[in-house]
Each structure stands twice: as C-alpha cells, then as structure tokens.
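> Shown below is the structure under consideration.
Readers should treat all values here as calculations from the given coordinates under stated rules, not as data from a laboratory. The structure presented is a predicted model; accordingly, all values stated were derived computationally and were not measured. When we count neighbours, we look across all protein chains shown, and the Cβ atoms used for this are built from the backbone with ideal geometry, even at glycine.
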Amino acid sequence: MRAQTEAPEFTTSELMVVVGARELKDGQLVFAGLGIPQIAVALAQRTHAPRLIVLNEIGLVDPHQIELGVGNADPRHWYRAAVFSSFLDIVGMVGHRGLVDVGFLGALEIDEFGNNNSSEVQRDDGGIRRFGGGGGANDIASHAKSTIMIIRHEARKLVERLVHNTSPGFLTGGDARRRAGLPGRGPSRVITDKALFTFDTTVGRIKLLSIHPGITHEDVRVSTGFPLEIPPGVPETGPPTQEEVRLIREELDPTRMYTSAI
Amino acid sequence: MTAHPSRTDGVAGSKLMTLAEAAAMVHDGDHLALSGFACARNAIAFSHELIRQGRRNLTLSACILGMDADLLVGAGLVQRLIYGGGSLDRFGSLQCVNRAYEQGTVVAEYYSSLAVAFRYLAGALGIPFMPMKSMLGSDLLARLKEETAPDNVLEMTCPFTGDPLVLVRAMVPDVAVVQVQLADAEGNAQILGPRWENGEAAKAAQRVIVVAEELVSTDVIRQQPELTVIPGFRVSGVVVLPYSAHPTSVYRCYDHDHDHLRLYVAKARTEEGVRGYIEEFIREPGDHVAYLQRIGGIAKLAELRADRVLGY
C-alpha cells in the first residue's frame, strides 16, 4: 500500500475522473456525456490535452461550460460551442463516419467481452426493470476507434450474461466483432470504483490493469460476476496529483455534483 | 388560448391556428413525430391538448423521448413507440414510458438513436431505406427483427463492398410537431441552438405543425434565413403560444423549471400519481393560460426567462 502521505486525500469518483482523463490524448475527438466523463474530459483539457474536442449527440461540437447542467439537453451544457447542428451531423457524419477517437459509455451491466447493457435489468421477482435506453450509445460503441466504459463494480453489474446486449463489445470474443461487421475497434478500458481494466484484443476479453488504492484482491474477486484472473503482481492505480484534485474541486466540479464521496 | 394575435389577421397565406385546431390535425391511430430531446423543447402544450381531446392509439417517434412522450403514454394515448432512448436528464427517467414497456401496454420499437434519425432521413429523401453499420450483432437488432419491427429492419451484404449492413426502413410520420423559437404566419420556422433530428423528422412527415414561442413577420425571418430549419411550404399549421414547452427549456427563451420537473417526477412514480397530475395540470386548467397560472404564473415565468448572454 502506498503511504497515505504521498498523495492528497481523494474520493473514489475523483480517482475515476483522473483515470479517465489519463486515457485521453491531445487533439482527440471524444464523445462524453454527463457526469464523470464530462469532468474527465474537462480535466484532460486543463492539463495535457488542451485541443481535445468534445462532441455531443444533440448536435454540439466543442462546448465550454461555465456551469454544470442537468444533462445533454441543458443549454448550460451547450455554452460556447463551436457548432450547433443535428443528431445526424454529429452521430452520423462524425460518429458513423468513424472519426470518433474515444467514446465514453455508461452501463447497467457489462460482460467479460465488453458487451454493454444500457437498456434493462432483471428485477428480483423475475420481471424486467426498464431504463431510459441507450440513445446513441450503440452508435458510438459500433463506430468509435475506442470506448471507455464506466460502471460501479458489483457482481450484479459485471456479469456473465447480459440481460440485453445494447452496445456490442467483442460479442463472443475472438474475432466475432470483426466478423459481425462492426467498424470500430471496440472497448479499450473499463473504469470501476475498484479497478481499471483493459482488453486483450487477440481474444477479445477483459483484463485487469490496476486495482485502486485501498481495494483488496478479494474485494475485486467477490465484486466481479465473471471469472477474473488477478495476477499477484497487479499494480495499484496511481492516485491523483495535488493539482488534479485542486482542479476538480475548485474549478471543474465546485458544487461536487459528480465527484463527492460515493 | 383561443384567438391568435390580431396583428396577423389578414396575412395572406397565413397558417395560424389555435392549439385546439392544430391538435385536431392528429387523428386516432396516427404516427406523431415529437419535438423534444429529454428536457429541452418538448411539445408540452400540444401534448396537453391531445390529452384533453382524448386522442387514441398513437404511435410516437423520436431519437430521444422527453416529457411530452411520457405524458402522452401516462395518459393512455399511445400504442407504439419508435425511439432510441429517453429521460428527463438528471431529474429522472421517463417513468410512464418505462412502466408501459415493462407491462407490455405499448409496443416499443427500440433502435439506436441514429437508426431513428436514418429512418426519418430516408423518409425525408423519399428513398425506401438507409443502410447503416450501427446495431450489428446487438440485441437491439435481434429484438427488432424477431419481435417488434420485422418489417422495418433487414440485414444484407453490401453489393459493392461485401460488408454486413443493417437496412432501416424509411419512416413517414403522419404528423411532426416541432417546437421552435420563431415562426412567421406562413410557417417558416427558426430554431436557435442545436436542432437534434427536428429537421429530418419534419421533412419526413406528411403534415408539420409548428408551435412557436414568438410570431414574427416574414421580414424578420428573411434577415437571418440561415436559421430557418423548416420552410413554410412544408408546414400545415402554425400555433403561437409562449411558454408552450414549459417545464422543459427553450434555448434563448426560458430555462427548464426544475421545481415543476421534480414535482412531475414525484407524481409519475405511480399510475395513480400521474392520473392526479393530468387532472391537476391538464384537465382542470383546461387551456394553456390557466396551466401557466397553475404552475406559478408570471412570477415563475419571469424567473425562468433566459439570460441574454448565456441563452439559459
């Protein structure tokens, strides 16, 4: 374990923001919705990726919010955009065209192949509990050069079998994704509140990259609903820097809408 | 609201009409393309009027459904949904839509949102379908093919490249209602801010109803014609009604009303609650002006007015 004094105190969601930001490169075209992805993108823009461009399906290119909104449809989210256009212009002529570098996706469930359910889950009584639906998530997952999924790390969320494969990852693994004709390269990272995952693209399967500070191997094992190899030497996720924590708290999410303690 | 403003009386080619007249252009069993995206620019007053007039067996479509769809489903007017998703942003989910889906009281033709936009685009262009590479390998496609829309999707191999393709069928709604900031009496309609799929949906539809916050002269439209999303010649009816998207937002006009959205989300939690909401805010007030009184009147509306610089 890292000594407490080396890093500032941080919340789990702040760590998830920082992990998300580190995955982004300058100049990339990024689809990022509300919440942790939006803050991660803003953090990347304020640190190492000032020319990263955010796209939004409602018809936005490169907005620069000065207040956090309640959603994609909130004009707070549209402030100082370079383009106001349409769903077809953004999700079609940028997304379907294959120009999106990174798409952030939320999920109700994911499986070991990075397939993503954002539609519905099973209730305890066996019935279906419907959520809002994926919207453009399937379009992003189908076409983006890479996707980063954010999900709470629980055994009922990281599952062996999805209730609904809304947005395919590597489907059944191997080269199933390519054979299905999906143009995008598929999922590249999964960020949970316990760990960071990547994908072994030769077998199309999830692989542990690091475990967050303070989380034990056993925590990860019991919170993962599919079989997961935890190599003994798996590293700890690097903590946020003082400056990253300061930016998040003072400038990017001052009301702690998305980055307070879970 | 009954009469339209007198300054437009006698305008040649005027399509101005009352909300009641416009709602009567939607018939039982029609397919209605909606205007909103989550909690922005929803056709709320128009939906209220459809509920008051007791329309039945509607099909609703949108890339992302909002509160207008939730009200129409909650009031029992809807038999089919064609959509990619829907919510009230952070205020909550579309509880009436989700409940109807769970209980099987609506048929949910559930696509990726781009597939819905492509279906409108094909309809607008007058071509029979659009090929796409979204939805390949997904349960979206499996359910559409097997359960909800076997006549509206197909898979094929591209005759040019050999790639797998999904074909989505053209969609021609009977009516599209579009909530806009400015329109003239002929129906030239200008949208400020992002337009999501409003343009394609309107151009796909047989009949277009424009609901405008403000009526302007054609001279005003002609000063910034680049803002005109729907040309007047495609429009069948124009309703001018301020705050007609409340409690959703209209960019550069007014913000969403979070007190009222919270109240709605609390009510919509149960079927009984949403019935109570419809009684209290739609049937009892009886028209849009009385509704605006009930949600707080001029004091509330003044509070919601958009800042000129921010646009919200």
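> Using amide H atoms built 1.01 Å from N in the peptide plane, name the residues 5+ places from B:Arg207, or on other chains, whose amide H lies under 5 Å from its own.
B:Val175, B:Ala176
> Can you run phi through the Karplus equation (6.51, -1.76, 1.60; θ = phi - 60°) for the stretch A:85-96 and list ³J(HN,Hα) in whole Hz, with x for Gly and Pro?
With the stated coefficients, the stretch A:85-96 comes to 9, 9, 4, 5, 5, 8, 6, x, 7, 10, x, 4 Hz.
> Over the whole of B:79-87, what's the average partner chain Cβ count within 10 Å per residue? Rounded to a whole number, please.
Taking the mean over all residues of the peptide, I get 4.
> Same structure again: Can you run phi through the Karplus equation (6.51, -1.76, 1.60; θ = phi - 60°) for the stretch B:116-126 and list ³J(HN,Hα) in whole Hz, with x for Gly and Pro?
5, 4, 5, 5, 5, 4, 4, x, 5, 7, x
> I would also like to ask the following. Averaged over peptide B:159-168, how many Cβ atoms belonging to another chain are found within 10 Å of each residue's Cβ?
Counting Cβ atoms of other protein chains within 10 Å of each residue's Cβ and averaging gives 1.
> Just to confirm the filter: which GluC sites (Glu not before Pro) across the stretch A:154-241 are DSSP coil and have at most 12 other Cβ within 10 angstrom of their Cβ?
Listed in order of number, the matching sites are A:Glu160, A:Glu229.
> Per residue of A:115-123, how many C-beta atoms from partner chains lie within 10 Å of its own C-beta, taken as a mean? List each step's numbers first, then the result.
Working: counts 3, 1, 1, 1, 7, 5, 0, 0, 1.
What the average comes to for A:115-123 is 2.
> Between A:Ile128 and B:Leu227, what is the label-point separation in nm under the 7 Å Cα-to-beta-carbon projection?
Once both label points are built, they end up 4.3 nm from each other.
> ³J(HN,Hα) across the stretch A:187-196 via Karplus (A = 6.51, B = -1.76, C = 1.60, θ = phi - 60°), whole Hz, x for Gly/Pro?
Ordered by residue, 3J(HN,Hα) equals x, 10, 9, 10, 10, 10, 7, 10, 7, 10 Hz.
> Order of A:194-204, B:56-66, B:266-276 by packing, highest average Cβ count within 10 Å first?
Ranked by mean Cβ neighbours within 10 Å, highest first: B:56-66, A:194-204, B:266-276.
> Taking square-rooted eigenvalues a ≥ b ≥ c of the alpha carbon gyration tensor, is chain B rounded, prolate or oblate, where a/c under 1.5 means rounded and, failing that, a/b exceeding b/c means prolate?
Oblate.
> Over the stretch B:129-169, calculate the relative contact order: mean separation of alpha carbon pairs under 8 Å at least 6 apart, over the residue count, as a percent.
49 percent
> Given labels modelled 7 Å from the Cα in the Cβ direction, how far is it in nm from A:Glu236 to B:Glu146?
Taking the two extended label points, one gets 4.7 nm.
> Another question, then. Place the peptides B:103-110, B:132-139 in order of packing, highest mean first, counting for every residue the other Cβ atoms within 10 Å and averaging per peptide.
Ranked from most to least packed, the peptides come out as B:132-139, B:103-110.
> Pairs of Cα atoms under 8 Å, at least six residues apart: use those to get the relative contact order of the stretch B:146-238, whole percent. Could you put the intermediate results ahead of the total?
Numbers: 164 pairs, mean separation 28.6, N = 93.
About 31 percent, as a whole number.
> Counting only residues 5 or more places away or on other chains, whose amide H sits under 5 Å from the amide H of A:Phe31 once H atoms are built in the peptide plane?
A:Leu55, A:Val102, A:Gly103, A:Phe104
> State whether the stretch B:129-169 is rounded, prolate or oblate according to the following rule on the C-alpha gyration tensor (a ≥ b ≥ c being the square roots of its eigenvalues): a/c under 1.5 gives rounded; otherwise a/b larger than b/c gives prolate, and the remaining case gives oblate.
Prolate shape, in that a/c is at least 1.5 and a/b is the bigger ratio.
> Still on this structure: Show the residues, 5+ positions off or on another chain, whose built amide H is closer than 5 Å to the amide H of B:Asp163.
B:Cys158
> Then there is this: Only helical DSSP H runs with n ≥ 4 go in: add -39500 (n - 2.57) per run for the protein assembly as shown, normalise by residue count and round the 222 nm mean residue ellipticity to 500 deg cm²/dmol. Intermediate values should be presented prior to the final figure.
On the way: 18 runs with 141 residues, N = 574.
-6500 deg cm²/dmol, from helical runs alone.
> Shifting gears a bit: Taking the 0 to 90 degree range and rounding to the nearest ten, how far is the long axis of helix B:258-267 tilted relative to the main principal axis of chain B, both from C-alpha atoms?
The answer is roughly 60 degrees.
> How high is the relative contact order of chain A, in percent, counting Cα pairs under 8 Å that sit 6 or more residues apart?
20 percent
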